[in-house]
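Trainee: For reference, the structure I am asking about is given below.
The values are calculated or read from the model by the stated rules, or taken from the named source; none is laboratory data. The structure presented is a predicted model; accordingly, all values stated were derived computationally and were not measured. All Cβ positions, glycine included, derive from the backbone under ideal geometry; neighbour counts span all protein chains shown. The area values use the complete protein model at the heavy-atom level, side chains included, leaving out ligands, DNA and RNA. Shrake-Rupley method; radii C 1.70, N 1.55, O 1.52, S 1.80 Å.
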Amino acid sequence: MSLLENTERPRHDTTRETTLWRGGRILSPTHPDATALLTSGDTIAWIGEDADAPAADRTVDLEGALVTPAFVDSHVHLTGTGASLTGLHLAGLPSAAVVLDRVADFAAALPPDAIVLAHGWDETEWDDAAPPTSEAVGNAAGGRLAYLSRACGHIGVAGPRLLAEHPEFAALDGYDPSGLLTRAAHRAARATVNAAVPVSQRLAAARAGLAHAASLGIAAVVEHSIPNDADPLTEAEFAGLVALGKEPGNPAVYGWWGELRAAEKARDLGAHGCGGDLSADGSLGARTAFLRTPYDDADTLGAEYLTAAEIADHLRECHRVGLSAAFHAIGDGAIANVLDGLDAVEPELGVDAIRRARHRIEHAELLDAALIARMVHHGVHASVQPAFDAAWGGPKGMYAARLGRERALAANPLSKLAGVGVPLAFGSDSPVTALDPWGGVRAAVRHWNPVSRLPMAAAFAAATRGGWRALGIDDSGSLVPNTRANFTVWDLTAGRLPELSDPAAPQPECNLTVAAGSLVYSRA
Ligand SMILES: [Zn+2]
């Protein structure tokens, strides 16, 4: 993407087939009484009332249903999302024999080069507490490379092929010739098996994740890939994920490549930007989010993974190559470092170029009015996860344990950000929290701290239009003519958004999802 203009389209529009979507309730700021819209290729060509509708190549009757802009999930990990949907889960199984049966059923559907990697067995409730043997695991996996980790995450059983191909494990602490591995041997085996999953198997999982996203009314996802020195396939996986988003029938995929000062590589891999889950700090749960004042439950400020100088160097390189930059920053210390980095490059790059680039902070959970004002100055977009507040915020949640009640309630100040003009984009960080765009909207309108709540319309805009704006795309996210056809049809017949501040209000179900003019989901 050029920093000056965005002419990139998520997929090529070679046909200009027209479709009339009629008989609905169109949520359009320019045409409040509209019941129909016409798409031409990937574009909304016309909006109005049924009686005035132009002729089209085909017509879809919306049966009175509400049509809104489609959701954008601005922070996902697609492969992990798909793996959590399609993977093999061993938790709660009653015996080693049942574990092995499940493994055999799962493996039977896999190509021969696939890896069998599953998690969650727990022998504590079994009549016979002996874990599955290495040989039995290998047989169940059909001879494939296999590793089954225990529920605790610190022990696993390796199949014979994994042990045979990696004799170096035998020298590690925690190795046992039976194949039951702990400590260093367990960690090495798990990392080896993870890195050996073929790209085709990863993309098959990602495809399932994309299909699930489409079924939830999501027309575009923003992938945040994290390079891993131990996994040489991450680059090919990333390029494959971006390519999946260009297939008609899939939601669009915009990729962030999370490597420091790798803008040229990111561009060559087809990334939208360089950074994303490029960690300026860690997480509150692990006490690695970088704070300016210590944690409440430990004498630490957390982890400063990037200095302001490193952030400035990354920004310089992104501007030279013409990509946007984004940083994972949760704590106020990390957010201050990102803003210090932006301040440092402002004299040489100019504030206009910085604002035009629409750099982002991912998460942006702990920040005061002064930091928020500095985000406004640099035109930084906040890519936030309201579901984090729902899951861990509030007076008695995990954030309160880490930070104390006051700082926990001040976290994720959505209304303060929006109120002074920080553009918001909502995401799930799936699989950290589930793909659930209405759930994210509900979490924002029902923030634990009433002062931080967003009105319904603002929350919905952050989950739709805000995602496009944070990608530098200004012609999508509102149902108006001559913009991109990304919209969703819901099982609602009132011509307005549901009021999710009411805890009893059910979440809408998706009937149809259209991404760039193509139908990507239709409820059977
Ligand atoms: Zn993430």
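Trainee: Just the number please: accessible area per residue for the chain, 1.4 Å probe, all protein chains included, in Å².
Mentor: 40
Trainee: Leaving out same-chain residues fewer than 8 places away, which aspartates and glutamates sit with a Cα under 19 Å from that of Lys246?
Mentor: Correct list for Lys246: Glu8, Asp13, Glu17, Asp42, Asp73, Glu223, Glu235, Glu237, Asp268, Asp475.
Trainee: Among the aspartates and glutamates, which have Cα under 18 Å from the Cα of Lys396 when same-chain residues fewer than 8 positions away are ignored?
Mentor: Hits, sequence-local ones excluded: Asp296, Asp297, Glu365, Glu406.
Trainee: May I ask you to list the residues of region 355-396 whose amide nitrogen lies under 19 Å from a point 7 Å from Cα along the Cα→beta-carbon direction of Ala505?
Mentor: Zone members listed by number: 386-387, 390.
Trainee: Could you work out the relative contact order of the chain, using alpha carbon pairs under 8 angstrom and six or more residues apart, expressed as a whole percent?
Mentor: 18
Trainee: Moving on. How large is the Rg to Rh ratio of region 305-451 when both quantities use alpha carbon positions and Rh follows Kirkwood?
Mentor: In region 305-451, Rg relative to Rh is 0.98.
Trainee: List every residue whose amide H lies under 5 Å from the amide H of Ser428, counting only residues 5 or more places away in sequence or on a different chain, with H placed 1.01 Å from N in the peptide plane.
Mentor: Correct list: Ser74, His75.
Trainee: Round to the nearest 10 and give me the degree value, 0 to 90, for the angle of helix 332-349's Cα axis relative to the longest principal axis of the chain.
Mentor: 60
Trainee: Gain in length, Ala151 to Glu17, computed as 0.36 nm per residue apart minus the alpha-carbon separation, to one decimal in nm?
Mentor: Length difference between fully extended and current span is 43.1 nm.
Trainee: Roughly how many percent of the accessible protein surface of the chain is carbon and sulfur, given a 1.4 Å probe and a whole-percent answer?
Mentor: Answer for the chain: carbon and sulfur cover 53 percent of the accessible area.
Trainee: Here's something else I'd like to know. Quick one: if the Förster radius is 22 Å, what FRET efficiency do Asp57 and Thr30 give, using the C-beta to C-beta distance and rounding to 0.05?
Mentor: 0.35
Trainee: Taking R0 as 30 Å, what FRET efficiency do you get between Ala434 and Asp113 from their Cβ-Cβ distance, rounded to the nearest 0.05?
Mentor: The calculated FRET efficiency here is 0.50.
Trainee: Could you work out how far helix 96-108 tilts from the main Cα principal axis of the chain, as a 0 to 90 degree angle to the nearest 10?
Mentor: It works out to around 50 degrees.
Trainee: Ok, one more. If you average over every viewing direction, what projected area does the convex hull of the Cα atoms of the chain give, in nm²?
Mentor: One quarter of the hull surface, i.e. the mean projection, equals 25.7 nm².
Trainee: Mind checking which lysines have their Cα closer than 16 Å to the Cα of Lys416? Skip sequence neighbours fewer than 8 apart in that chain.
Mentor: none
Trainee: Please give the FRET efficiency for Arg183 paired with Asp122, using the beta carbon to beta carbon distance and R0 = 30 Å, rounded to the nearest 0.05.
Mentor: 0.95
Trainee: Okay, next question. For Lys416, Lys265, Lys396, give me the order by solvent-accessible area with a 1.4 Å probe, most accessible first, ignoring ligands, DNA and RNA.
Mentor: Sorted descending by solvent-accessible area, the residues read Lys396, Lys416, Lys265.
Trainee: For the residue pair Asp231 and Ser200, what label-to-label distance in nm results when each label sits 7 Å from Cα along the Cα-to-beta-carbon direction?
Mentor: 2.0
Trainee: So, one more: Using only Cα atoms, locate the centre of region 166-180 and the centre of region 183-198, then give the distance between them in Å, rounded to an integer.
Mentor: What the calculation gives is 12 Å, centre to centre.
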